[in-house]
Every structure is written in structure tokens, then in C-alpha cells.
């Protein structure tokens with residue numbers, strides 16, 4: 001078991017980002033010491049890929065995606081009780097699941113449903129940009145923000161199994177410091193740009209927060225594949 005990583009909060013602020021590109025640029029500013037090193041940035045689709053693309057561009061790093069899907073609560077799919085990773089590994093927050101009466105049969109059904117979406121994305125994304133090896137690399141994993149943190153936590157857990165040199169969770173906005181501390185159990189370093197006084201949803205902290213479509217992600221991956229040639 002690794003020792004708990006460090007948590008760096010840039011601002012206890014309610015201010016919003018212009019868009020996902022700006023949050024990626026601001027994260028890159030805080031991680032510029034990694035520029036040109038053996039670094040890869042992983043974005044959580046879909047919105048996190050836009051953040052990751054800007055971050056990778058400015059750090060001169062490779063880009064890839066991490067395919068995890070949240071397990072939603074019964075009757076409230078937007079509330080995550082856990083997540084499933086690309087290889088089928090399942091993370092469940094037992095406390096939340098118990099409180100919301102998420103039975104084992106429900107969780108397994110939801111896992112199967114989310115794995116179908118992961119397989120669909122693998123077919124699309126990996127056909128354009130093959131999965132990059134993470135062993136001995138500095139891995140930065142990012143999204144456009146976290147709410148419960150379940151998807152990010154599952155991503156970090158999955159990445160750790162690939163034996164990277166270092167894992168950094170780069171987060172534009174999070175709901176509370178306790179959530180970041182939980183991420184630090186699985187990452188070597190956690191950096192967060194905004195920790196607001198009131199949090200209702202990630203989109204609250206973006207002036208422009210349109211839904212990211214698959215085609216936009218695919219185009220980013222095409223460009224990333226071209227840069228590697």
C-alpha cells in the first residue's frame with residue numbers, strides 16, 4: 001500500500017472558468033515543472049479529454065484517455081455510488097451504496113450496462129489512438145471537475161495497477177477537501193484549482209459548459225496520434 005499523496009489547493013474560490021480549455025491551461029501552469037519529461041496526460045471522457053488535450057499540449061506530453069464509467073444510484077443516475085474501469089474492475093463506495101439501498105444485483109446490472117458503453121468507446125477511441133503503456137511514466141489524470149470523485153478514484157486505482165513512476169490527479173474544481181484527501185490515497189499528488197464554498201455541480205464553475213460530443217473527442221485523438229508519428 002502506497003503512502004498517502006500530497007494535496008495542493010490553489011484557491012478556495014467560487015470563481016468560474018471560461019471553458020474547459022482555460023481550466024487545462026491553468027492546470028498546466030501549475031505543472032510546468034513536468035514539461036518535456038516522460039509524461040502522459042489521461043483525460044476522462046468526454047469533457048476531461050478537452051482539459052487533458054490543452055494540458056498535454058502545453059506540457060509537451062503524450063495524450064490518452066482513461067475509460068471509466070460511474071455507477072449511478074438507484075433512481076438517481078447522476079449520483080455516483082461507484083465506478084467501473086476499462087478492464088472491468090469495480091469500485092463501490094459501500095457507505096453511499098448502503099445508504100441508498102443499492103443492492104448487489106442492481107450494482108452488477110449497472111456494471112454490465114456501463115461496460116457496454118466502455119466497450120463502445122474502446123472500439124471508437126482505441127481504433128484511432130491505441131492505449132499507451134503507463135509503466136515508469138509520470139501520469140497526469142484529469143477531468144473537467146469532480147463531484148463525488150468516484151470515477152476519478154476508479155481511474156487512479158486502475159492506473160496504479162500499471163506501475164507508473166508517479167500519478168498526479170489534476171482537478172479543476174472539487175466539492176470539498178475531504179474528497180481530495182480521498183483521492184490522495186491513490187495518487188502521489190493531487191492538485192485542485194478551485195475549492196468553492198458552495199458546490200452543486202461541476203457545470204456551475206464554467207461559463208461555457210456545453211456537452212462534449214464523441215466526434216470532438218475523436219478529432220482530439222486523431223490529432224494526438226498524428227503528433228506521435
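Roughly what % antiparallel, to the nearest 5, for the DSSP beta bridges in the stretch 1-105?
Details: 8 of 12 bridges.
Approximately 65 percent, going by the DSSP bridge assignments.
Stretch residue 18-residue 181 to full length: gain in nm at 0.36 nm per residue minus the Cα-Cα span?
Working: separation 163, 0.36 × 163 = 58.68 nm, distance 2.67 nm.
Going from the current span to full extension adds 56.0 nm.
Output the relative contact order of the chain, whole-number percent, from Cα pairs under 8 angstrom with separation of 6+ residues. Provide the component values of the computation, followed by the final result.
Working: 471 pairs, mean separation 68.4, N = 229.
Relative contact order comes out at 30 percent.
Calculate, in nm to one decimal, what residue 136 and residue 112 gain on full extension: separation in residues at 0.36 nm each, minus their alpha carbon distance. Intermediate results must be reported in sequence, preceding the final value.
Numbers: separation 24, 0.36 × 24 = 8.64 nm, distance 3.16 nm.
Between residue 136 and residue 112, full extension yields 5.5 nm more.
Using the number of other C-beta atoms within 10 angstrom as an exposure proxy, rank 113, 182 with the fewest first. Mind showing how you got there, number by number?
Numbers: 113 13, 182 20.
Taking fewest neighbouring Cβ atoms as first place, the list is 113, 182.
Hey, what did the stretch 17-87 get for relative contact order, percent, Cα under 8 Å, at least 6 apart?
27 percent
Have a look at 161, 69, 99 and tell me which one the Gaussian network model of the chain (Cα, springs below 10 Å) gives the largest fluctuation.
99
Please find the FRET efficiency linking residue 100 to residue 128, where r is the Cβ-Cβ separation and R0 is fixed at 35 Å, and quote it to the nearest 0.05. Provide the component values of the computation, followed by the final result.
Numbers: r = 37 Å, r/R0 = 1.06.
Computed FRET efficiency for residue 100 and residue 128 comes out at 0.40.
Of the beta bridges DSSP finds with both residues in the chain, what % are antiparallel, to the nearest 5? Before the final figure, lay out each step's value.
Working: 8 of 32 bridges.
Around 25 percent of the beta bridges assigned by DSSP in the chain are antiparallel ones.
Could you work out which residue, out of 189, 30, 86, moves most in a Gaussian network model of the chain, that is, has the largest mean-square fluctuation with Cα springs under 10 Å?
The residue that fluctuates most here is 30.
Going by a ≥ b ≥ c, the root eigenvalues of the Cα gyration tensor, does the chain fall in the rounded group (a/c under 1.5), the prolate group (a/b larger than b/c) or the oblate group? Working shown, then result.
Values: a/c = 1.39, a/b = 1.17, b/c = 1.19.
Rounded, because the longest to shortest axis ratio a/c is under 1.5.
Give the relative contact order (percent, whole number) for the stretch 82-184; include only Cα pairs under 8 Å separated by 6+ residues. Write out the running numbers ahead of the final one.
Values: 105 pairs, mean separation 30.6, N = 103.
The normalised contact order for the stretch 82-184 reaches 30 percent.
Please rank 123, 212, fewest neighbouring Cβ atoms within 10 Å first, as an exposure proxy. If you can, show how the numbers build up before the last one.
On the way: 123 9, 212 17.
With the fewest neighbours first, 123, 212 line up as 123, 212.
Please build a GNM for the chain, connecting alpha carbons under 10 Å apart, and tell me which residue among 64, 144, 214 fluctuates the most.
Result: 214 has the largest fluctuation of those listed.
We did not get these values from a lab; they are worked out from the coordinates using the rules stated. This is a predicted model, so every value here is computed, not measured. Backbone-built Cβ (ideal geometry, glycine too); neighbour counts: all protein chains shown.
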